[in-house]
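Enquirer: Got a structure here, written out as structure tokens. Questions coming.
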Amino acid sequence: MSAAPSLAENGREQAFDVVVVGAGFAGMYMLHRLRELGFSVRVFEQGSDVGGTWYWNRYPGARCDVESMQYSYSFSDELQQEWEWSERYAPQSEILKYARHVAERFGLRTDIVFNTRIERAEFDEGDSAWEVTTSDGRTVRARFVVFATGCLSNARMPDIKGLAGFAGQVYHTGHWPHEGVDFSGKRVGVIGTGSSSIQSVPVIAEQASHLFVFQRTPNFSIPARNAALTADERDAFRRNYPEIRRFAREEARNGIYAEPPDRGALDDGENTRRDKYEQRWTKGGLTFMLAYNNLLLDKAANDTAADFVRDKIAEIVKDPETARRLQPDNHPIGTKRICVDTDYYAAFNRPNVTLVDIRSTGIEEIRPHAVRVAARDYEIDALVLATGFDAMTGSLAKIDIRGRGGRTLNQKWTEGPKTYLGLMSEGFPNLFIITGPGSPSVLSNMIVSIEQHVDWIADCLAFLRKRTMTTMEANREAEEQWVAHVNDVAHQTLYPQANSWYMGANIPGKPRIFMPYIGGVGAYRKICDDVAAKGYDGFTMTAKAAERVAATS
Ligand code: NA7
């Protein structure tokens with residue numbers, strides 16, 4: 001491992017072609033591509049290591065809900081042929097190990113400054129460059145800045161009365177202690193029932209003397225059917241990677257290779273439909289929603305899948321009242337991120353697990369040794385907040401980003417994020433966002449979307465350099481059209497019917513706007529490629545006068 005670079009050289013401000021913020025999967029690949037192209041790059045990462053979301057989310061049971069053989073980089077064939085994923089769904093520790101391996105293999109650490117947050121980024125219009133300020137008060141300049149800050153990395157602390165006065169330990173799933181937590185013999189409360197809770201509850205239940213799960217909204221969850229990968233399974237992927245990766249990039253809506261559905265749910269009779277759902281349930285995983293092609297478009301079709309899962313919950317959970325409370329009934333299945341679990345519903349059959357339904361009451365208050373709901377105290381020793389993230393925009397909102405005329409990104413986005421293609425925002429020249437709002441991002445296999453954005457940005461910067469252009473900016477009209485298109489497509493589906501974090505609905509006061517682009521990764525890629533082929537249609541590129549002269553002389 002080579003030493004991390006120091007920031008200051010003789011006290012002078014350093015300058016780079018590109019500053020990248022974040023060393024998760026997006027930042028690491030961005031660095032690799034830009035270095036290959038000969039750009040000078042500096043990456044800043046607030047954690048002490050690479051891995052991004054997989055560095056922070058170390059809660060018990062944390063694992064990816066996209067299969068490992070597909071949730072992995074495709075840019076290096078040697079890497080994908082050599083890396084040995086051990087399970088169908090990799091646990092967090094293995095994904096982090098993989099991220100570290102990639103950092104070593106491609107010598108990335110030399111250009112990453114760890115333990116350093118970016119606090120501020122200000123565009124200098126005179127110089128067409130960004131001045132970026134770090135948490136230790138230093139500044140660096142870069143012509144371009146790329147935010148690879150992740151969609152689910154700004155952990156959200158709930159505003160619950162008395163939380164600060166809790167006498168035991170409080171943990172957030174998105175900020176889990178690196179040394180791990182032993183809940184043996186403890187009474188534990190988990191607040192929240194999204195993916196993080198659903199993965200951790202069965203594991204915590206095995207340790208805790210008693211576990212109380214405080215549920216405001218039940219979620220749909222499909223069994224993962226996780227298992228060790230056999231050598232044959234790995235080989236089948238490796239042999240077929242060219243086609244698997246091509247399909248994931250170009251044809252799949254969600255960036256995952258899977259047999260696409262050829263008909264709607266109401267085109268089949270009840271028995272056939274049930275058989276198909278049963279097959280998908282037995283296979284496990286997110287592709288349950290690919291049983292039919294209209295599950296997210298037609299409420300009647302969606303109801304058939306939702307009823308199937310509700311019936312499964314009733315079959316698994318022995319106590320009928322608990323089963324009823326676990327059955328989601330306020331949103332169509334799939335319109336909130338569907339969860340993938342290992343024995344989540346069965347955990348409620350354990351004598352040491354209690355579901356506390358807080359839907360109508362909320363949590364009254366947190367007392368020093370208890371969670372109080374409807375005047376009853378649930379006594380606990382430790383509290384786990386599985387309360388999610390300020391998704392997609394939260395990490396950017398924490399940074400003081402100032403574009404043309406000193407306007408901040410937060411000011412521009414008061415009514416919701418506005419981008420062109422999810423890549424750039426008008427008024428913020430030379431600032432790129434990887435998997436930003438307005439792109440498929442969280443609705444897809446993130447690594448597929450990350451690679452697509454990184455490649456597009458890298459090609460774009462090479463294009464600018466070749467033409468000696470110094471500034472690139474999204475046009476307002478192109479941006480407005482894109483925002484309207486993202487919205488239109490979302491409203492052709494059932495997604496906006498759920499109060500989801502896709503809509504910003506989990507953050508009080510956050511504007512309700514459907515943030516990711518739902519048109520599918522294949523279609524989206526084509527749009528981005530067409531824009532590039534037309535000389536970056538919808539963007540304006542300019543050269544500084546001095547550099548124009550130099551280029552032509
Ligand atoms: P999620 O999916 O946002 O889930 C957060 C959960 O926490 C959800 O059940 C919330 O209920 C609940 N919550 C949040 N605030 C409160 C308060 N104040 N009181 C009670 N309950 C609360 O986050 P995850 O970390 O599980 O998963 C995020 C993504 O990571 C996931 O979708 C995967 O893509 C990976 P609500 O639904 O708002 O009623």
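The values are calculated or read from the model by the stated rules, or taken from the named source; none is laboratory data. Note that the structure is predicted; figures quoted are calculated from it, not measured. Note that each Cβ is placed from the backbone with ideal geometry, even for glycine, and that neighbours are counted across all protein chains shown. The area values use the complete protein model at the heavy-atom level, side chains included, leaving out ligands, DNA and RNA. Shrake-Rupley method; radii C 1.70, N 1.55, O 1.52, S 1.80 Å.
Enquirer: Could you go through the stretch 48-69 and let me know if any residue there is part of a strand (DSSP E or B) and open to solvent by 20 Å² or more (accessible area, probe 1.4 Å).
Expert: So far as the stretch 48-69 goes, yes, one or more of its residues are part of a strand (DSSP E or B) and open to solvent by 20 Å² or more (accessible area, probe 1.4 Å).
Enquirer: Scan the stretch 183-228 for residues that are in a loop (DSSP other than H, G, I, E, B) and within 8 Å of the ligand (Cβ to nearest atom) and report the count.
Expert: Number of matching residues: 6.
Enquirer: Which residue pairs have Cβ atoms closer than 8 Å, lie 6 or more positions apart in sequence or on different chains, and pair a first residue in the stretch 59-77 that is of a type in the set (D, E, K, R) with a second residue that is within 13 Å of the ligand (Cβ to nearest atom) and modelled with pLDDT under 95?
Expert: Asp65/Leu286
Enquirer: Does Pro368 qualify as being out of contact with any Lys or Arg (no Cβ under 8 Å at 6 or more places or on another chain) and closer than 30 Å to Asp357 by Cβ?
Expert: Here the answer is yes, as Pro368 does meet what is asked.
Enquirer: Just checking, which of Leu443, Leu494, Leu464 is touching a strand residue (DSSP E or B) at 6+ places or on another chain (Cβ under 8 Å), among the hydrophobic types (A, V, I, L, M, F, W, C) and touching a residue at least 12 places away in the same chain (Cβ under 8 Å)?
Expert: Every option except Leu464 fails the conditions.
Enquirer: For His32, work out the one condition from (1) in a loop (DSSP other than H, G, I, E, B); (2) open to solvent by 10 Å² or more (accessible area, probe 1.4 Å) it doesn't fulfil.
Expert: Condition not satisfied by His32: (1).
Enquirer: Considering each residue of the stretch 400-434, count those that are of a type outside the set (Lys, Arg) and either modelled with pLDDT under 95 or open to solvent by 10 Å² or more (accessible area, probe 1.4 Å) (or both), and give that number.
Expert: Of the residues in the stretch 400-434, 13 are of a type outside the set (Lys, Arg) and either modelled with pLDDT under 95 or open to solvent by 10 Å² or more (accessible area, probe 1.4 Å) (or both).
Enquirer: Do we have Phe144 as touching a Pro at 6+ places or on another chain (Cβ under 7 Å) and assigned to a strand (DSSP E or B) here?
Expert: No; evaluated as a whole, the condition is false for this residue.
Enquirer: Can you confirm whether the stretch 482-503 contains a residue that is surrounded by fewer than 20 Cβ atoms within 10 Å (Cβ to Cβ), of a type outside the set (A, V, I, L, M) and within 13 Å of the ligand (Cβ to nearest atom)?
Expert: Yes, that holds for at least one residue.
Enquirer: Please work out which residue is surrounded by the fewest Cβ atoms within 10 Å (Cβ to Cβ), limiting yourself to the stretch 435-460 and to residues that are under 14 Å from the mean Cα position of the chain (by Cα) and aliphatic (A, V, I, L, M).
Expert: Within the stretch 435-460, the match that is surrounded by the fewest Cβ atoms within 10 Å (Cβ to Cβ) is Val442.
Enquirer: Right, next: Taking Gly22 and the conditions (1) open to solvent by 20 Å² or more (accessible area, probe 1.4 Å); (2) touching a residue at least 60 places away in the same chain (Cβ under 8 Å); (3) within 20 Å of the chain's Cα centre (by Cα), which numbered condition does it fall short on, given that it satisfies the others?
Expert: Going through the list (1) open to solvent by 20 Å² or more (accessible area, probe 1.4 Å); (2) touching a residue at least 60 places away in the same chain (Cβ under 8 Å); (3) within 20 Å of the chain's Cα centre (by Cα), Gly22 breaks only (1).
Enquirer: If you scan the stretch 98-111, which residues turn out to be under 30 Å from Glu87 (Cα atoms) and not in a loop (DSSP other than H, G, I, E, B)?
Expert: Scanning the stretch 98-111 gives Tyr98, Ala99, Arg100, His101, Val102, Ala103, Glu104, Arg105, Leu108, Arg109.
Enquirer: Can I ask one more? Looking for something open to solvent by 30 Å² or more (accessible area, probe 1.4 Å), closer than 30 Å to Phe16 by Cα and touching a helix residue (DSSP H, G or I) at 6+ places or on another chain (Cβ under 9 Å) - is there at least one such residue anywhere in the stretch 117-133?
Expert: Taking every residue of the stretch 117-133 in turn, at least one turns out to be open to solvent by 30 Å² or more (accessible area, probe 1.4 Å), closer than 30 Å to Phe16 by Cα and touching a helix residue (DSSP H, G or I) at 6+ places or on another chain (Cβ under 9 Å).
Enquirer: Quick one: would you say Arg100 is without any contact (Cβ under 8 Å) to a residue 60 or more places away in the chain, of a type in the set (D, E, K, R) and open to solvent by 40 Å² or more (accessible area, probe 1.4 Å)?
Expert: Taking the combined requirement at face value, the residue satisfies it.
Enquirer: If a residue has to be more than 26 Å from Lys412 (Cα to Cα) and part of a helix (DSSP H, G or I) to count, how many in the stretch 465-490 make the cut?
Expert: Of the residues in that region, 2 qualify.
Enquirer: Another one. Only residues that are open to solvent by 50 Å² or more (accessible area, probe 1.4 Å) and among the hydroxyl-bearing types (Ser, Thr, Tyr): list them for the stretch 257-278, please.
Expert: Within the stretch 257-278, Tyr257, Thr272 qualify.
Enquirer: Inspect the stretch 156-168 for any residue being in contact with an Asp or Glu (Cβ under 8 Å, 6 or more places away or on another chain) and either among the polar types (S, T, N, Q) or not in a loop (DSSP other than H, G, I, E, B) (or both) and give the result as yes or no.
Expert: Within the stretch 156-168, none of the residues are in contact with an Asp or Glu (Cβ under 8 Å, 6 or more places away or on another chain) and either among the polar types (S, T, N, Q) or not in a loop (DSSP other than H, G, I, E, B) (or both).
Enquirer: To continue, here is another question. Would you check if Thr304 is over 27 Å from the mean Cα position of the chain (by Cα), more than 16 Å from the ligand (Cβ to nearest atom) and at negative phi?
Expert: Yes: the conditions hold for Thr304.
Enquirer: From the list Gly27, Gly107, Gly47, Gly51, exactly one residue is touching a residue at least 12 places away in the same chain (Cβ under 8 Å) and within 16 Å of the ligand (Cβ to nearest atom). Which is it?
Expert: Criteria check complete, one pass: Gly51.
Enquirer: Quick check on my filter: what residues within the stretch 74-94 are assigned to a helix (DSSP H, G or I) and of a type outside the set (A, V, I, L, M)?
Expert: Asp77, Glu78, Gln80, Gln81, Glu82, Gln92, Ser93, Glu94
Enquirer: Scan the stretch 279-304 for residues that are modelled with pLDDT of 95 or more, open to solvent by less than 70 Å² (accessible area, probe 1.4 Å), within 20 Å of Ala346 (Cα to Cα) and assigned to a helix (DSSP H, G or I) and report the count.
Expert: So the count comes out to 3.
Enquirer: How many residues, within the stretch 504-516, are open to solvent by 10 Å² or more (accessible area, probe 1.4 Å) and either within 16 Å of the ligand (Cβ to nearest atom) or basic (Lys, Arg) (or both)?
Expert: Adding up the residues that qualify gives 7.
Enquirer: Just need a number here: residues in the stretch 183-194 that are touching a Ser or Thr at 6+ places or on another chain (Cβ under 9 Å) and open to solvent by less than 40 Å² (accessible area, probe 1.4 Å).
Expert: Total meeting the criteria: 7.
Enquirer: Search the stretch 147-158 for residues being open to solvent by less than 50 Å² (accessible area, probe 1.4 Å) and closer than 23 Å to Ile363 by Cβ, and hand back the single one that is farthest from the ligand (Cβ to nearest atom).
Expert: The extreme case among them is Asn154.
Enquirer: Within the stretch 159-182, can one find any residue that is within 16 Å of the ligand (Cβ to nearest atom), open to solvent by 30 Å² or more (accessible area, probe 1.4 Å) and touching a helix residue (DSSP H, G or I) at 6+ places or on another chain (Cβ under 9 Å)?
Expert: Yes; the residues of the stretch 159-182 include at least one that is within 16 Å of the ligand (Cβ to nearest atom), open to solvent by 30 Å² or more (accessible area, probe 1.4 Å) and touching a helix residue (DSSP H, G or I) at 6+ places or on another chain (Cβ under 9 Å).
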